[in-house]
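The values are calculated or read from the model by the stated rules, or taken from the named source; none is laboratory data. All values derive from a computational prediction rather than experimental measurement. For neighbour counting, all protein chains shown are included, and Cβ atoms are generated from backbone atoms with ideal geometry for every residue, glycine included. SASA here: full protein model, heavy atoms, side chains in, ligands and nucleic acids out. Shrake-Rupley method; radii C 1.70, N 1.55, O 1.52, S 1.80 Å.
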Amino acid sequence: MNRVTPALGALVLTALPAHASDAAPRPAHRDSYGTKATYAPEQSAHSYQRPPAGFTPVFTENVSRHGSRSATDGEDGDLILALWDKAEAVGQLTGKGEEFGPKVRALQAAMAKIGYGSLSGLGKQEIHDTAVRTAHRLPSLFAGIARDGEKIDVVSSGQGRAVDSANVYAAALADTDPDLKPLIGATRTDKDLLYFHKAAGGAAYRDYIANDQRLASTLASLTDQPRTHEAAHSVLRRLFTSAFVDQLSTADQVAAATAVYNLYAIAPAMAEESPDGEGWGMQRYISTSDAAWFGYLSDTEDFYEKGPGFADSDITYKMADVLLDDFFRQVEAKKAGTSTLGAELRFTHAEEIIPLAALMGLPGSTKPATPTAPYTYATNPWRGAEVAPLGSNIQWDVFKKGDDYLVRMLYNEKETAFKAACHPVSKGSKFYDLNELEHCFNRG
């Protein structure tokens, strides 16, 4: 679970360049939602490159974050509602503040109803639609799987929302072709592979999070700064009178404003559970600039705790090698003729997607921070909303011609080049020879 915590002078907020795709338009101010941003494919199926002549798809594999969900607990709502109740009792609410309390109570009730940390209606739809697009993208592959009786393996972290995402995806895939249904295995659990930050392989990482003083001091210096306090005061003034806000300590102001931001960030994921099915309108209660600042603080925490982190350390992402190794192992087994699988489908969490993106050098995850250049939006392209939004995914499609095997990678359904050390089959191509990938990732 990611929480903004109370963050060098006023840092410049800049937007990432738009992705070159004709997929669904990205919501305005998407970056401000951090890794709670809802999912949309980043490329239209109509614009994918065709494989080189003679190559046909023989295997696909993915790793997906679970879909949109409710908040993992009611802490943020409880905190701000306790403050709201006090303000109401003494007549210290603003006009917007009067609306805010009932809105938060309704949102809390909706999250409690589906279960804290559980997939929302939107989350189920995101995963369902991703599965359908995968089937439509590779029709001959899935027709071949059905014809030849190959198996489809489904594996999750074992956590409820990941298990549910796996089951939704598998059911949607089966619905595209009923002949696939008996070939899809029951969702199994592999914590070492898909919950590695909490498994044995993540022991050193957990020690880093709990005890590393450089991490703690860096996060403190980047969060506890004047802009944070200004933003916190601004957020609360939308809801409460000046007199009420001013009697709160600085720390309490930041904690309360953070709670407001966290509710703003999770609300779009709960859109289908809103009274009109269109959303909760939480953007009314936090300005664009304040949401952007708290979104930056959220990204700061994720960047240093899960992403590229410090330039002289790989502790945040080294443990993701178990997952990258599995990607290669599955393709190599297919090539060797020792695999009976047509697809390998994995479902996990941001704590696994973010480190894997850094380990693989995916777009936006290639630049770590240094003592003289800490993480800021102005100097680093890393954005949680792009790296690991809810429902984010990495997929390898494998194509065969004779004894040759090519791999194409999709990142949030956008054709994506492998790291610069890897050379595609031709300039500008998104297809890579398997031998080349094994060489550039130092396998064998």
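Using the alpha-carbon centroid of each, what span in Å lies between the stretch 347-417 and the stretch 80-109? Here the answer is 40 Å between Cα centres. Across the stretch 296-309, coupling constants 3J(HN,Hα) worked out from phi with the 6.51/-1.76/1.60 Karplus curve, θ = phi - 60°, read 4, 4, 4, 5, 4, 4, 5, 4, 7, 9, 10, x, x, x Hz, and Gly and Pro carry x.
When both bridge partners sit in the chain, DSSP labels roughly 60% of those beta bridges antiparallel. Projecting the Cα atoms of L141, V155, A106 onto the charge dipole of the stretch 92-156 (Cβ charges, centred on the Cα centre) puts A106 farthest toward the positive pole. Placing unit charges on each Cβ (+1 for Lys and Arg, -1 for Asp and Glu) gives the stretch 59-101 a dipole about its Cα centre, and among T94, I80, G67 the Cα reaching farthest toward its positive end belongs to G67. Relative to one another, the C-alpha centroids of the stretch 155-173 and the stretch 252-317 are positioned 25 Å apart. All other residues whose Cβ lies under 11 angstrom from that of G77 are scored, Lys and Arg at +1 and Asp and Glu at -1, for a net of -2.
Straight-line reach from K427: taking Cα to Cα under 17 Å and skipping same-chain neighbours fewer than 8 places apart, the lysines in range are K419. Rounded to the nearest 20 debye, the dipole magnitude of the chain is 540 debye, with +1 charges on Lys and Arg beta carbons, -1 on Asp and Glu beta carbons, and the Cα centre as origin.
This model, with +1 at the C-beta of Lys and Arg and -1 at the C-beta of Asp and Glu, gives the stretch 278-370 a dipole about its Cα centre of some 320 debye.
Simple point charges give the picture: +1 on the Cβ of Lys and Arg, -1 on the Cβ of Asp and Glu, and for the stretch 61-133 a dipole about the Cα centre of about 220 debye. For the stretch 239-328, the list of GluC sites (Glu not before Pro) that fall in a loop by DSSP and count at most 13 other C-beta atoms within 10 angstrom reads E278.
Farthest towards the positive end of the charge dipole of the stretch 317-360, among the residues L356, A343, M319, is the Cα of A343, using unit charges on the Cβ of Lys, Arg, Asp and Glu.
I need the shape label for the stretch 39-190. Rule: rounded when a/c is under 1.5, else prolate if a/b > b/c, else oblate, with a, b, c from the alpha carbon gyration tensor. Note, shape of the stretch 39-190 comes out prolate. With R₀ set to 30 Å, the beta-carbon distance separating S249 from A203 gives a calculated FRET efficiency near 0.20.
Couplings 3J(HN,Hα) of the stretch 117-126, computed from phi: x, 9, 4, 8, x, 5, x, 5, 5, 4 Hz, in residue order, whole Hz [Karplus 6.51 cos²θ - 1.76 cosθ + 1.60, θ = phi - 60°; x for Gly and Pro]. Straight-line reach from K96: which aspartates and glutamates have Cα under 20 Å away, leaving out those fewer than 8 places along the same chain? Leaving aside aspartates and glutamates fewer than 8 places away in the same chain, those within reach of K96 are D76, D78, D85, E88, E230, D246, D276, E278, D290. Entry comment: accessible area of the stretch 143-272 is 42 Å² per residue, from protein heavy atoms only and a probe of 1.4 Å. Share of the stretch 209-337's accessible area from carbon and sulfur, percent, 1.4 Å? Carbon with sulfur: 49 percent of the solvent-accessible area.
The peptide list 61-72, 45-56, put in order of mean Cβ contacts within 10 Å with the highest first, becomes 61-72, 45-56. For the peptides 404-416, 205-217, the ranking by packing is 404-416, 205-217, with the highest mean count of neighbouring Cβ atoms within 10 Å listed first. Prolate is the label for the stretch 105-155, because a/c, from the alpha-carbon gyration tensor with a ≥ b ≥ c as root eigenvalues, is 1.5 or above and a/b exceeds b/c.
Ranked by the mean number of other Cβ atoms within 10 Å of their residues, highest first, the peptides 349-359, 127-137, 186-196 fall in the order 349-359, 127-137, 186-196.
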